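Quick notes on the structure that follows.
The values are calculated or read from the model by the stated rules, or taken from the named source; none is laboratory data. Only a predicted model underlies this, so the values are computations on that prediction, with no experimental measurement involved. Cβ sites come from the backbone with ideal geometry, for glycine too, and all protein chains shown count toward neighbours. Side chains included, ligands, DNA and RNA excluded: accessible areas come from the protein's heavy atoms. Shrake-Rupley method; radii C 1.70, N 1.55, O 1.52, S 1.80 Å.
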Amino acid sequence: MGSLLARAEPGLLIVAVPFLLFPRGYLPWVGLGLLIIGWVLRGIGTGVWLVRTPLNRPLAVLLLMTIVSLYPSVDLGLSMPKFYGIILGLFIFFATVGNINSERHFWLGTWLLV
């Protein structure tokens, strides 16, 4: 059951991509909800909520500064799609890193991220 929950994350991530890349109305909230549900299911399924990598701190700073950059934005309609793209990239990175279990998966994940 646990591995089945963990396997739901990549599927939910793929479903969420169009909602975040082409934001209209409430659709980005649906995409963000799918990403969070996938993350929670992987956390429950594997017991690992966040994979430790050397990039965790720089990505945390990137996320923090992205949130801070929304404050002085003149037009949130233009800024929010970029914000959604950065959030999507973070989830793609952590979903890829979280599903690497073997050397074959490592090279497949490297190819996917490149």
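Computed over protein heavy atoms with a 1.4 Å probe, the accessible surface of the range 1-62 works out to 67 Å² per residue.
With each label modelled as a point 7 angstrom along the Cα→C-beta vector, the residue 101-residue 40 pair spans 2.4 nm. Residues 7, 52, sorted by accessible area with the largest first, give 52, 7 [1.4 Å probe; ligands and nucleic acids excluded]. Between 97, 68, 51, the GNM of the chain built on Cα springs shorter than 10 angstrom shows 68 fluctuating the most. Working from label points 7 Å from Cα in the Cα-to-Cβ sense, the residue 114 to residue 64 distance is 3.2 nm. Which residues make up the longest stretch of the chain clear of chymotrypsin sites (Phe, Trp or Tyr not before Pro) that lie in a DSSP loop with no more than 16 other Cβ atoms within 10 Å, not counting the sites? Segment 50-114 is the longest.
Heavy-atom surface analysis with a 1.4 Å probe gives the range 8-114 a carbon and sulfur content of 75 percent of its accessible area. Given R0 = 35 Å, the distance between the Cβ atoms of residue 73 and residue 48 translates into a calculated FRET efficiency of 0.50. One compactness figure for the chain is 1.12, namely its Cα radius of gyration divided by 2.2 N^0.38 Å.
Placing unit charges on each Cβ (+1 for Lys and Arg, -1 for Asp and Glu) gives the chain a dipole about its Cα centre, and among 18, 53, 70 the Cα reaching farthest toward its positive end belongs to 53. Per-residue ellipticity at 222 nm computed for the chain from its helices equals -26000 deg cm²/dmol, with DSSP H segments shorter than 4 residues left out and the rest contributing -39,500 (n - 2.57).
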